[in-house]
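Novice: I'd like to ask you about the structure that follows.
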Amino acid sequence: MDEPRFELFSYWRTSATYRVRVALNLKGLQAKEHNINLDAGEQRSEAFLKINPMAAIPALIDRAPGQPSTPITQSQALLEFLDEIHPEPPLLPADPHGRARVRSLVAMLAADTHPLITPRIRKYLTTTAGFDDAAWRAWQIQWFTTGLQALEQRLINEPETGRFCHGDALTMADICLASIIAVARVFKIEVPDIPTVTRIMADCEKLEAFAKADPRKQVGAPAA
């Protein structure tokens, strides 16, 4: 059997890695995963910092002949990269306004919400800012709630919302939405008053691409 085209540096529970896994699954692409244990600090090893000096995952290397071996980082860039090299099924709408709206929803989740609950934020808050476990959990609840309830308002009030975040076809916005919900579940956080978000997540989870990417099913995840 041929080796997968891609190498994916990942960790079981991360929201950003989940997004890339879903996109790979949707497009029928395979990746060999390298587990970077964030809890053990492996992202700060000398070897991994050569791959991503930000000490963050995911990172993807394209091993196809003739392709640059420079790692690609940042989940939003990776989603667009995968969509460009393998256009079916598309992860962005065809029209400019639709593409802009989807990218805006993606940014709300991947740029405004997710970065506030990453391990490096936790490390700073608990080692430098005096946060104990209760304060950290309150922080998580605050920013999961703020981000998802703001998204809910957009989905309710904007006519472009359909079965999914934008119309009736999956887009990057649905992948990013599902990634936030999936990780909130890992931390056992439930956000109230988000019926549209909950409905869309339920439709996403009916699809094998999302079910296979569930953090709880990945190598390294703790037993239920």
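Novice: I'd like to check something: does the stretch 78-92 contain any residue that is free of Cβ contacts under 8 Å to residues at least 40 places away in the same chain and touching a strand residue (DSSP E or B) at 6+ places or on another chain (Cβ under 9 Å)?
Specialist: yes
Novice: What about Leu91, is it assigned to a helix (DSSP H, G or I), closer than 24 Å to Pro58 by Cα and at pLDDT 95 or above? If you could, list the steps in order and put the result at the bottom.
Specialist: Values: assigned to a helix (DSSP H, G or I): no; closer than 24 Å to Pro58 by Cα: yes; at pLDDT 95 or above: yes.
Judged against the criteria, Leu91 is not a match.
Novice: Identify, please: which residue in the stretch 111-164 is within 21 Å of Pro192 (Cβ to Cβ) and among the β-branched types (Val, Ile, Thr) and is, among those, modelled with the lowest pLDDT?
Specialist: Among those residues, the one meeting the criterion is Ile117.
Novice: If only one of Ala111, Ala134 is in the same structural domain as Val183 (by TED's automatic domain parsing), farther than 17 Å from Ser15 by Cα and surrounded by fewer than 18 Cβ atoms within 10 Å (Cβ to Cβ), which one is it?
Specialist: When all the criteria are applied, what remains is Ala134.
Novice: Restricting attention to the stretch 157-178, does a residue exist that is in a helix (DSSP H, G or I) and over 16 Å from the mean Cα position of the chain (by Cα)?
Specialist: Scanning the stretch 157-178, I find at least one residue that is in a helix (DSSP H, G or I) and over 16 Å from the mean Cα position of the chain (by Cα), so the answer is yes.
Novice: Please pick out the residue among Val191, Val106, Val102, Val197 that is within 17 Å of Thr17 (Cβ to Cβ), surrounded by 18 or more Cβ atoms within 10 Å (Cβ to Cβ) and either charged (D, E, K, R) or outside the structural domain of Val20 (by TED's automatic domain parsing) (or both).
Specialist: Selected residue: Val106, the only one of Val191, Val106, Val102, Val197 that is within 17 Å of Thr17 (Cβ to Cβ), surrounded by 18 or more Cβ atoms within 10 Å (Cβ to Cβ) and either charged (D, E, K, R) or outside the structural domain of Val20 (by TED's automatic domain parsing) (or both).
Novice: Then there's this: In the stretch 144-161, which residue that is surrounded by fewer than 15 Cβ atoms within 10 Å (Cβ to Cβ) and not aliphatic (A, V, I, L, M) is farthest from Leu116 (Cα to Cα)?
Specialist: So, considering only residues that are surrounded by fewer than 15 Cβ atoms within 10 Å (Cβ to Cβ) and not aliphatic (A, V, I, L, M), the one farthest from Leu116 (Cα to Cα) is Pro159.
The values are calculated or read from the model by the stated rules, or taken from the named source; none is laboratory data. The structure presented is a predicted model; accordingly, all values stated were derived computationally and were not measured. Here Cβ is always computed from backbone atoms with ideal geometry, including for glycine, and neighbour counts include all displayed protein chains.
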